[in-house]
Amino acid sequence: MTDPLALDRDPPPTAATHDDKILPTAIYVLYLVGMFNGLTILVGLVMAYVLKEGSSEKALSHYVFQIRTVWVGIAWAIIASLLFLVGFPLTLIGVGFLLWGLGWVIVALLGVWFVVRCAVGLAYILKDEAYPRPRSWLI
């Protein structure tokens, strides 16, 4: 005999729906751990590229968001590095200190931006929702 209340319950999650939540969550965690070592960000980036093929719309939105987070972050890190590099010889005449200061401001803001993006992405995936604006530059 079947349970009459069983019709009102949600079906148990399948492996695909389970992976759609667990794998993007794991990548966000790898990104946050990567703030201290850098290597896990690369692992998470490779995972996002590999997993986005054949994923659900919800998971795809997170993978696109995660991939863009890394590449935009790298672009800003390059800009900060160039400011440090150009500013070094210019410290002899004092102008370099301004460039170094600007570079450090970019690095600090980049760190905050990266953590906030990961936290917001985690909040959406833990609510089992797609990321609403995966191609956004800010949040």
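Side notes on the structure shown:
- Rounded to whole Hz, the Karplus (6.51, -1.76, 1.60) HN-Hα couplings of the stretch 101-107, x for glycine and proline: x, 5, x, 5, 4, 5, 4
- Listed values [x] 87, 24, 23; [y] 51, 34, 27; [z] 37, 31, 30 include one computed from this model; for Cα extents along the principal axes in Å that value carries the label [x].
- Packing-based ranking, highest mean first, of 118-126, 30-38 given that Cβ atoms within 10 Å are counted: 118-126, 30-38
- Note on the chain: helix-only mean residue ellipticity at 222 nm, from DSSP H runs of 4+ residues weighted -39500 (n - 2.57) and normalised by residue number, equals -26500 deg cm²/dmol.
- Ordering Ile41, Val112, Gly94 by Cα displacement along the dipole of the chain toward the positive end leaves Gly94 in first place; charges were set at the Cβ atoms of Lys, Arg (+1) and Asp, Glu (-1).
- Using θ = phi - 60° and Karplus 6.51 cos²θ - 1.76 cosθ + 1.60, couplings along the stretch 75-87 (whole Hz; Gly, Pro as x): 4, 5, 5, 5, 4, 5, 4, 5, 5, 5, 5, 6, x
- ³J(HN,Hα), Karplus 6.51/-1.76/1.60, whole Hz, each residue of the stretch 46-51, x for Gly, Pro: 4, 4, 4, 5, 5, 7
- Only Lys, Arg (+1) and Asp, Glu (-1) charged, at Cβ; the chain dipole about Cα centre in debye: 540
- Cα long-axis angle, helix 15-37 against the chain (0 to 90 degrees, to the nearest 10): 20
Readers should treat all values here as calculations from the given coordinates under stated rules, not as data from a laboratory. Note that the coordinates shown come from a computational prediction; the quantities given were computed from them, not determined experimentally. Heads up, the Cβs are rebuilt from the backbone with ideal geometry, glycines too, and the neighbour counts pull from every protein chain shown.
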